Every structure is written in C-alpha cells, then in structure tokens.
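Remarks on the structure that follows.
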Amino acid sequence: MGNIGNIVVLGAQWGDEGKGKVVDLFSEKFSIVARYQGGHNAGHTVFIGPRKFVLKLIPSGILRPGIRAVIGNGVVIDPAALIEEMEKLEQAGIDVRAQLAISDRAHVIFPFHRIVEKMSEGRQDRVPIGTTSRGIGPCYEDKIGRRGIRIADLYEHDSFCAMYTALAEDKQLLAQTFDIQETIDYELIRDQYLGFAERLRPLVCDTAQLLNDAIRAGQRVLFEGAQGTMLDVDHGTYPFVTSSSATAGGACTGAGVPPTAIHGIIGVSKAYTTRVGSGPFPTELLGDDGERIRKAGNEFGAVTGRPRRCGWFDVPLLRYTAMINGFTSLVITKLDVLDQFDEILVCTGYKNVTAMPATFRGLEAVEPVYEKLPGWKSETRGLSRERDLPPRARDYLHFLSERVGVEIGCISTGPERDETILIENSRLAGLL
Ligand code: GDP
Ligand code: IMO
Ligand code: MG
C-alpha cells in the first residue's frame with residue numbers, strides 16, 4: 001500500500017506484549033496515535049536511549065514531537081492520574097498541552113470506584129480477578145449501567161453536582177451494606193474534580209470528530225490498544241478479563257471511527273506468553289523454566305510490579321486472537337529472551353479441543369500438546385537485520401507464523417527503537 005491507511009496495534013495475548021515499544025516505533029509514520037479503551041491499568045513501556053517512559057493513559061505517540069495523541073471516548077479517565085502523567089511528561093520536556101486531546105465522552109473514574117472494586121475483589125464466595133485496583137471495572141459498570149459521569153458532564157456544574165451526589169450515595173449505600181469502613185470525603189472529592197476539569201478544559205473536545213476530520217484530510221491514525229485480546233470482556237478468559245473491548249473492533253466504538261477507516265490490524269505477541277493476575281493459562285510454566293523466562297525477560301508488571309506468570313508460546317491462543325481481530329501481520333517481541341534456551345517448546349494444539357472453550361474452567365482443563373524446537377543459543381539481542389538472525393531463530397519464527405497462519409512483519413530484539421527487524425516486502429512494511 002505504502003504510506004496510506006490507518007492501523008490498529010494491539011495485544012495478541014494477555015497484555016504486556018510490548019505494545020508501547022511497537023507503537024512508539026511505528027508512530028513516526030502517523031499523524032495521530034489514539035487510545036480507544038482501558039485506562040491507567042495499562043502500562044506501556046518505551047525506552048528512548050537512556051530515558052524510560054511508562055505510559056498509562058496517554059498514547060505512546062506523545063513521545064514524538066508534533067504527533068497528536070488522542071484519548072478516545074472508550075477510555076476511562078482518572079483525572080488525578082491523568083494530570084500526574086501529564087506533569088511527568090512535561091517535566092521530561094514533552095509539549096503535552098500542544099499534542100494531547102481528550103474525549104468529552106470518556107467516562108470518569110472516581111475514588112469510590114476503587115472502593116467498589118475492593119468489595120468485589122474481597123467477596124468470599126468469588127475468586128478474585130487480581131485486578132490492578134484502579135477502579136477500572138466499576139467505572140465501566142457505571143458506564144454500561146447508564147449512570148456514569150463523562151468528561152463533558154464536569155463542565156455542566158449543576159447537573160454534574162446532582163449526578164455526582166446520586167452516584168456517591170449509591171456507593172455509600174453499598175459500602176454500608178458490605179460494612180466497608182473506608183471514609184471518603186465526597187464533597188471534597190467533588191470540588192477536587194471540578195478543579196481537575198478546569199485544568200483539562202483546553203484539551204477536551206469531540207475526538208471522534210477530530211479523528212474523522214483528520215482521516216478525511218488524509219492524515220494517518222494509529223490506534224493503540226491497551227491490555228490484550230485475551231483480556232477483552234467478550235472474547236477473553238471471562239471473568240478473568242478487564243472490563244473493556246480490547247480487540248480490534250473496540251477501536252471503532254472506542255474512537256468513533258467506522259470499520260472502513262481501518263486498513264491494517266497488527267497483533268503484538270511475545271515469543272512466549274505471560275499473564276498478570278488470575279485466570280487460566282494453559283502453557284504456564286510453574287517451575288525453573290518459568291523462572292528463567294521471568295528473569296531473562298524482566299517479567300514484572302509495569303503498573304503494579306507483580307511478577308508476571310510465564311509460559312511457552314500458545315498457537316491455539318494466537319489462532320483464536322488472529323481470528324477475532326483479523327490480524328494482517330504479527331509483531332513478535334522479546335525474541336532475545338529465549339536466546340539461551342537449549343530447547344523451546346511451542347503449544348501447537350489442545351488435546352481433543354479444537355475451538356477456544358467458552359468458560360475459564362474449560363480452558364483450565366485443556367491439555368496442551370507441545371512440539372520441541374531447538375534453541376539457537378546465541379545472542380539475538382539488538383539485531384536489526386533479518387539476515388543476521390541465527391538460522392534456528394529464523395526457523396522458530398517461521399514455525400510460529402506457519403502455525404498461526406499470519407505473517408510476521410516485524411521482530412523485536414530489545415526494548416530500544418533500533419533493536420527491531422522490519423521484514424522487507426511484508427504486508428506490514430507496506431502499511432508503514
Ligand atoms: P505493553 O504493555 O504491551 O506496552 O508492554 P510492557 O511495557 O508492559 O512490557 C513489555 C516490556 O518488555 C517492557 O519493559 C519493554 O521495555 C520490554 N520489551 C519490549 N520489547 C522487547 C524486546 O524485544 N526484548 C526485550 N528484552 N524487552 C522488550
Ligand atoms: P497493558 O496495556 C497486563 C489485567 C489485570 C487483571 C485483569 C483485570 O500494559 O498490556 P483491571 O484492573 O483491568 O480490571 O484488571 O486485567 N490487566 C493487565 N494485564 N497488562 C495490562 O495492560 C493489563 N491491564 C489489566 O492484571 O488480571
Ligand atoms: Mg504493560
């Protein structure tokens with residue numbers, strides 16, 4: 001295609017696939033980077049030379065001067081977290097106020113959402129999800145329950161105060177019912193939020209209009225997914241999921257652009273698998289190999305610091321996420337983490353199971369079937385040319401691509417921008 005078209009870059013597993021690095025790298029070729037779901041539960045790490053950034057709510061495109069960064073209507077916003085993130089970036093010399101646009105339709109997270117989450121996670125007769133405790137789920141509950149408060153509401157003083165009081169009273173009742181002792185100064189919070197709203201006011205707009213106008217004017221948009229497909233509220237490992245549409249389809253509803261405006265869907269996957277929080281994970285390694293991957297890949301949560309659960313690459317999972325999203329290309333990250341393994345296992349199927357089970361119990365019960373591939377036992381870290389890849393690493397990647405049925409258009413060999421191999425003549429290279 002060459003320099004036309006808008007793309008979605010999203011996680012093909014359970015999150016932390018390296019989306020931040022990939023979006024930062026690809027964003028050079030785009031005018032706008034837009035987030036369409038999730039909130040500050042996301043942690044997208046980007047290294048630019050010695051500087052490390054962990055982006056939570058703000059799209060990774062903000063790190064490139066001149067690029068518009070859009071927080072779409074499908075995102076849930078904790079204004080205190082947003083302002084803190086903006087200030088950090090400003091201190092690093094980024095012109096956030098010139099680059100950032102915030103949807104007037106995005107829903108607002110309040111401190112009482114975190115209390116509701118605590119109640120839900122603490123309930124004895126329910127398995128905790130192991131959430132990031134950011135109030136994400138309860139905010140989306142209020143959104144779907146049609147009692148939520150959106151950014152635009154913050155600017156209609158009287159109606160905001162009435163909506164806020166009703167919502168706060170609901171939560172107080174809930175807290176009383178469940179005997180939660182946490183005290184919240186509801187009036188103080190209301191006034192704080194009115195203050196946050198004033199600080200954000202110049203950045204708030206109808207971002208769906210902004211995006212559609214830009215696309216019509218020939219500007220290119222990269223939609224940045226948060227979380228991963230298996231954490232999607234509909235298609236993931238329910239109930240061990242996040243509360244939004246993390247799949248490619250979410251880009252349309254969460255940004256307000258039509259499906260016809262999207263021309264490429266790029267799935268990001270590690271060369272192995274990780275997951276944070278509870279829930280089924282067929283290829284999880286509980287022994288030494290898991291620990292080795294965790295150490296080599298520094299697999300600790302970017303938001304909560306929790307150790308990530310680690311396991312082998314799961315082909316059935318990728319085939320499923322490729323189907324749900326319609327991946328046009330894959331980016332395989334963290335290849336270098338497997339450099340020192342004598343042999344590498346790949347789950348190529350689940351015994352006697354052909355479709356993704358609907359329930360988490362079903363997925364917990366599957367028996368992965370593994371194929372063993374020889375390791376390459378040499379450094380791929382930092383490689384930037386395909387021809388420099390050790391033959392066995394190349395075979396490994398070829399194997400993954402063949403089995404998943406999607407081209408690998410790009411390989412990441414380290415956290416830095418230049419530690420990347422873009423495959424010439426790939427469909428992906430044509431889109432960038
Ligand atoms: P995201 O949430 O999908 O953006 O991913 P995270 O930032 O949570 O986690 C990915 C981690 O892996 C980050 O610390 C990245 O700096 C790092 N990373 C990304 N790509 C590579 C890679 O190819 N090799 C290595 N060793 N680290 C990588
Ligand atoms: P990025 O964008 C990995 C997980 C949590 C928990 C579940 C629900 O960095 O890939 P939530 O707080 O969203 O209600 O928690 O989802 N989770 C993530 N895991 N990466 C993320 O984001 C995640 N965001 C949420 O650990 O299991
Ligand atoms: Mg992350």
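Looking at this structure, is Asp104 of a type in the set (Asp, Glu), more than 16 Å from ligand 1 (Cβ to nearest atom) and either in contact with a strand residue (DSSP E or B) (Cβ under 7 Å, 6 or more places away or on another chain) or in the same structural domain as Gly279 (by TED's automatic domain parsing) (or both)?
Numbers: of a type in the set (Asp, Glu): yes; more than 16 Å from ligand 1 (Cβ to nearest atom): yes; either in contact with a strand residue (DSSP E or B) (Cβ under 7 Å, 6 or more places away or on another chain) or in the same structural domain as Gly279 (by TED's automatic domain parsing) (or both): yes.
Yes, satisfied.
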**Asked** Where residues in the stretch 125-173 are exposed (fewer than 15 other Cβ atoms within 10 Å of the Cβ) and among the hydroxyl-bearing types (Ser, Thr, Tyr), which of them is farthest from Val303 (Cα to Cα)?
**Response** Ser159
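Are any residues in the stretch 231-281 acidic (Asp, Glu) and more than 30 Å from Val337 (Cα to Cα), and if so, which ones? Reasoning before the result, please.
Step one: of the stretch 231-281, the residues acidic (Asp, Glu) are 232, 234.
Asp234 - this is the single residue of the stretch 231-281 that is acidic (Asp, Glu) and more than 30 Å from Val337 (Cα to Cα).
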**Message:** Go through (1) crowded, with 22+ Cβ neighbours inside 10 Å; (2) in contact (Cβ under 8 Å) with a residue 60 or more places away in the chain; (3) not in a strand (DSSP E or B) for Ile293 and report which single condition fails.
**Reply:** (2)
**Request:** Might you check whether a residue that is without any contact (Cβ under 8 Å) to a residue 60 or more places away in the chain and either assigned by TED's automatic domain parsing to the domain that holds Val54 or crowded, with 20+ Cβ neighbours inside 10 Å (or both) occurs anywhere in the stretch 274-282?
**Result:** no
**Request:** Residues that are among the hydroxyl-bearing types (Ser, Thr, Tyr): find the helices (runs of 4 or more DSSP H) completely inside the stretch 357-432 holding 2 or more of those.
**Result:** 391-404
**Prompt:** Which of the residues belonging to the stretch 329-348 are open to solvent by 20 Å² or more (accessible area, probe 1.4 Å) and either part of a strand (DSSP E or B) or not acidic (Asp, Glu) (or both)?
**Reply:** Lys334, Gln340, Glu343, Leu345, Thr348
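Consider the stretch 185-220. How many of its residues are assigned to a loop (DSSP other than H, G, I, E, B) and open to solvent by 40 Å² or more (accessible area, probe 1.4 Å)? Walk me through how you get there before you give the answer.
So the first thing to find is which residues in the stretch 185-220 are assigned to a loop (DSSP other than H, G, I, E, B), and the list is 185, 206, 217-220.
Add one more test, that the residue is open to solvent by 40 Å² or more (accessible area, probe 1.4 Å), and what stays is 185, 206, 217-219.
Number of matching residues: 5.
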**Request:** Could you grab me the full set of residues in the stretch 296-314 that are in contact (Cβ under 8 Å) with a residue 60 or more places away in the chain and among the hydrophobic types (A, V, I, L, M, F, W, C)?
**Result:** Ala302, Val303, Phe313
**Message:** Take residues that are near ligand 3 (Cβ under 10 Å from one of its atoms) and in contact with a strand residue (DSSP E or B) (Cβ under 8 Å, 6 or more places away or on another chain) and tell me which of the strands (runs of 3 or more DSSP E) falling wholly in the stretch 15-61 contain 1 or more.
**Reply:** 44-48, 51-55
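Does the stretch 107-124 hold any residues that are open to solvent by 10 Å² or more (accessible area, probe 1.4 Å) and not β-branched (Val, Ile, Thr), and which are they?
Of all residues in the stretch 107-124, those open to solvent by 10 Å² or more (accessible area, probe 1.4 Å) come to 107, 111, 114-124.
His107, Pro111, Arg114, Glu117, Lys118, Met119, Ser120, Glu121, Gly122, Arg123, Gln124, listed by residue number.
Of the residues Val23, Val54, Val9, Val75, which single one is surrounded by fewer than 18 Cβ atoms within 10 Å (Cβ to Cβ), within 12 Å of ligand 2 (Cβ to nearest atom) and in contact (Cβ under 8 Å) with a residue 12 or more places away in the chain? Show your work before the answer.
Details: Val23 fails: surrounded by fewer than 18 Cβ atoms within 10 Å (Cβ to Cβ); Val9 fails: surrounded by fewer than 18 Cβ atoms within 10 Å (Cβ to Cβ); Val75 fails: surrounded by fewer than 18 Cβ atoms within 10 Å (Cβ to Cβ).
Every option except Val54 fails the conditions.
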**Request:** Please tell me if Lys29 is under 24 Å from Pro259 (Cα atoms) and surrounded by fewer than 19 Cβ atoms within 10 Å (Cβ to Cβ).
**Result:** yes
**Given (1) of a type outside the set (D, E, K, R); (2) more than 17 Å from Ser269 (Cα to Cα); (3) open to solvent by 70 Å² or more (accessible area, probe 1.4 Å), index of the condition Gly375 fails** = (3)
**Request:** Output yes when any residue across the stretch 166-174 is closer than 19 Å to Asp78 by Cβ and in contact with a helix residue (DSSP H, G or I) (Cβ under 6 Å, 6 or more places away or on another chain), and no when none is.
**Result:** yes
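For Asp179, are the conditions met, namely being at positive phi and either open to solvent by 70 Å² or more (accessible area, probe 1.4 Å) or not assigned by TED's automatic domain parsing to the domain that holds Ile58 (or both)?
On the way: at positive phi: yes; either open to solvent by 70 Å² or more (accessible area, probe 1.4 Å) or not assigned by TED's automatic domain parsing to the domain that holds Ile58 (or both): yes.
For Asp179, the condition - at positive phi and either open to solvent by 70 Å² or more (accessible area, probe 1.4 Å) or not assigned by TED's automatic domain parsing to the domain that holds Ile58 (or both) - is met.
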**Request:** Might you check whether a residue that is β-branched (Val, Ile, Thr) and open to solvent by 10 Å² or more (accessible area, probe 1.4 Å) occurs anywhere in the stretch 262-269?
**Result:** yes
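For (1) part of a loop (DSSP other than H, G, I, E, B); (2) within 22 Å of Leu188 (Cβ to Cβ), each residue gets a yes or a no:
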| position | (1), (2) |
| --- | --- |
| Pro65 | yes, no |
| Val70 | no, no |
| Val76 | no, yes |
| Ala80 | no, yes |
| Glu85 | no, no |
| Lys88 | no, no |
| Ile94 | yes, no |
| Arg97 | no, no |
| Glu117 | no, yes |
**Prompt:** Among (1) under 23 Å from Arg294 (Cβ atoms); (2) exposed (fewer than 13 other Cβ atoms within 10 Å of the Cβ); (3) of a type outside the set (Gly, Ala, Ser), which single condition is Pro391 missing?
**Reply:** (1)
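The values are calculated or read from the model by the stated rules, or taken from the named source; none is laboratory data. Remember, predicted model here, so these are calculated numbers, not experimental data. Glycine also receives a Cβ, built like all others from the backbone with ideal geometry; neighbour counts cover every protein chain displayed. All accessible areas refer to the heavy atoms of the entire protein, side chains included, with ligands and DNA or RNA removed. Shrake-Rupley method; radii C 1.70, N 1.55, O 1.52, S 1.80 Å.
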